[in-house]
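The structure appears right after this line, and notes come after that.
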Amino acid sequence: MFKVSVMYPNQDGVKFDFDYYRNTHMKLVEKHLKPFGLKRTAVDKGVSGGGGAKAPYVCVGHLYFERADAYDEGIKTAGPALRADIANFTNVTPVRLISEELG
């Protein structure tokens, strides 16, 4: 299984609408990326960086695919619609990580 983690930095002045992200944006992600093999999604809300430190990310969205190239294929066509929606829930630019789950 391959996972795309879309991480939103917890920087000064960050604004993040979790309800919109979970209930609207992730539905948009599913609509656009299921045809490319999206299996499921998950959302993490940053709580802490440990030891009293603030969480490095305010939110992390996870997208799961069976093929490594499925996300790249889907984002070629869905990217503009998904990126255009970011301003509706946050004022920070996300960082992406594509990884392979090893068990």
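The values are calculated or read from the model by the stated rules, or taken from the named source; none is laboratory data. All values derive from a computational prediction rather than experimental measurement. Counting neighbours? That spans all protein chains shown, and the Cβs are built from the backbone with ideal geometry, glycine included. These accessible areas exclude ligands, DNA and RNA; they are computed on the full protein's heavy atoms, side chains included. Shrake-Rupley method; radii C 1.70, N 1.55, O 1.52, S 1.80 Å.
Yes/no matrix, rows are residues, columns are (1) farther than 13 Å from Phe89 by Cα; (2) at pLDDT below 95; (3) open to solvent by 30 Å² or more (accessible area, probe 1.4 Å):
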residue	(1), (2), (3)
Pro9	yes, no, no
Asp17	no, no, yes
Tyr20	no, no, yes
Glu30	yes, no, yes
Gly50	yes, no, yes
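Only a single criterion out of (1) farther than 12 Å from Val4 by Cβ; (2) open to solvent by less than 80 Å² (accessible area, probe 1.4 Å); (3) in a helix (DSSP H, G or I) is not satisfied by Ala87, namely (2).
Restricting to region 63-84, what's the tally of residues that are assigned to a strand (DSSP E or B) and over 22 Å from Gly46 (Cβ atoms)? Outline the logic, then answer.
Here is the first cut: in region 63-84, the ones assigned to a strand (DSSP E or B) are 63-65.
Then keep just the ones that are over 22 Å from Gly46 (Cβ atoms); that gives 65.
The number of residues fulfilling the criteria is 1.
Taking the criterion of being in a loop (DSSP other than H, G, I, E, B) and at positive phi, would at least one residue in region 13-22 satisfy it? Talk me through it step by step, then tell me what you get.
Taking region 13-22 as the starting set, the residues that turn out to be in a loop (DSSP other than H, G, I, E, B) are 13-15, 17.
Filter once more, so that each one left must be at positive phi: 13.
Yes: region 13-22 contains one or more residues that are in a loop (DSSP other than H, G, I, E, B) and at positive phi.
Conditions tested, residue by residue: (1) aliphatic (A, V, I, L, M); (2) in contact (Cβ under 8 Å) with a residue 60 or more places away in the chain.
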| site | (1), (2) |
| --- | --- |
| Pro56 | no, no |
| Glu66 | no, yes |
| Leu97 | yes, yes |
| Glu101 | no, yes |
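Taken together, the residues in region 33-48 that are among the β-branched types (Val, Ile, Thr) and either surrounded by 12 or more Cβ atoms within 10 Å (Cβ to Cβ) or under 12 Å from the mean Cα position of the chain (by Cα) (or both) amount to 2. In the condition set (1) in contact with a strand residue (DSSP E or B) (Cβ under 9 Å, 6 or more places away or on another chain); (2) outside any strand (DSSP E or B); (3) open to solvent by 10 Å² or more (accessible area, probe 1.4 Å), Val60 is compliant with all but (2).
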